[in-house]
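The block underneath contains the structure these notes are about, expressed in structure tokens.
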Amino acid sequence: SAPDAVVTVKLRLGWDNASINILKVASDLAELDIAAIIVHARTAKQMYSGKACWEWVKKLKALVKIPIIGNGDIFSPNDVVARMKETGCDGVMIGRGALGNPWFFQALAAYFDPASWKMPEDNWEDLVSVVEAFTRLLERAGYNIGFIRKNMMWFSRGCPRSALFRGEIIKRNTVDDMLRCFRRWIELTVLQSGVSFLDAKGLRGVRNGGQSCQNGGFL
């Protein structure tokens, strides 16, 4: 036994739209000694398709007394505040929104404390440097080439002509070749587009936040 362990449970809404059972399952779990329930507001069949249905998070929060943490389609500080306000949930879990955007958490903290925000330089070279450093960390940790390639693709999200990069990187089979491909795409395609790095990654205007919600919640 582990009497001091903190146990949380993460659930989806159900198997599919015809068998949504989140309220029953979560109510039963709430009777046990668990610290919180995390809800990804999609069915298992949806995987990551369609939109997360946060209405079920709202219903669950009204039903049980333990903390409810919502998950699904959180890609900006605005999303965090909006979902917490509309559902009353105690916090959010951030997943794909942080993939390829390591600035997300700093931006989120700055949303509630604008004075803490240190805006990155509007410089695509910063993205190249981060990708190179992170990719080498994955390489040293022993991750396979497919996993490393997938993470590099996430970094291209929001950038101009990212489909072009994704089409090229799948042809590369070494880390060195993939990094050269990334840098070449930035230099020959992205920089020529005239699109700002801060705009592409949604980092401009973060200081305009400063709203609060639910006594801080779990972020």
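The values are calculated or read from the model by the stated rules, or taken from the named source; none is laboratory data. Because the structure is a prediction, the values reported are computed rather than measured. No Cβ is skipped: glycine too gets one built from the backbone with ideal geometry, and neighbour counts run over all protein chains shown.
Remarks
- Number of the condition not met by Arg136 [criteria: (1) outside any loop (DSSP other than H, G, I, E, B); (2) surrounded by 15 or more Cβ atoms within 10 Å (Cβ to Cβ); (3) modelled with pLDDT of 85 or more; (4) touching a Leu at 6+ places or on another chain (Cβ under 9 Å)]: (2)
- Some residue of the range 24-32 being within 23 Å of the chain's Cα centre (by Cα) and in contact (Cβ under 8 Å) with a residue 24 or more places away in the chain: no
- Remark: Lys150 matches the filter, which requires a residue to be on the phi < 0 side of the Ramachandran plot and at pLDDT 90 or above.
Okay, residues lined up against (1) surrounded by 14 or more Cβ atoms within 10 Å (Cβ to Cβ); (2) closer than 16 Å to Phe112 by Cα; (3) modelled with pLDDT of 90 or more; (4) in contact with a strand residue (DSSP E or B) (Cβ under 6 Å, 6 or more places away or on another chain):
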| residue | (1), (2), (3), (4) |
| --- | --- |
| Arg180 | no, no, yes, no |
| Arg184 | no, no, yes, no |
| Leu188 | no, no, yes, no |
| Phe197 | yes, no, no, no |
| Leu203 | yes, yes, no, no |
| Arg207 | yes, yes, no, no |
| Ser212 | no, yes, no, no |
| Phe218 | yes, yes, no, yes |
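- Subset of the range 49-87 that is closer than 18 Å to Ala107 by Cβ and among the charged types (D, E, K, R) - its residue that is surrounded by the most Cβ atoms within 10 Å (Cβ to Cβ): Arg83
- Subset of the range 107-140 [of a type in the set (S, T, N, Q), touching a residue at least 12 places away in the same chain (Cβ under 8 Å) and closer than 15 Å to Met178 by Cα]: Thr135
- In the condition set (1) among the β-branched types (Val, Ile, Thr); (2) surrounded by fewer than 16 Cβ atoms within 10 Å (Cβ to Cβ); (3) assigned by TED's automatic domain parsing to the domain that holds Ile68, Ile94 is compliant with all but (2).
- Among helices (runs of 4 or more DSSP H) entirely within the range 34-122, having at least 1 residues that are closer than 30 Å to Ser162 by Cα singles out 77-87, 104-112.
- Breaking point among (1) part of a helix (DSSP H, G or I); (2) free of Cβ contacts under 8 Å to residues at least 24 places away in the same chain; (3) not assigned by TED's automatic domain parsing to the domain that holds Ile186, for Ala163: (3)
- Test result for Ile69, of a type outside the set (Ser, Thr, Tyr) and more than 11 Å from the chain's Cα centre (by Cα): yes
- Residue in the range 11-56 that is modelled with the lowest pLDDT, counting only those that are charged (D, E, K, R) and closer than 17 Å to Ile68 by Cα: Asp33
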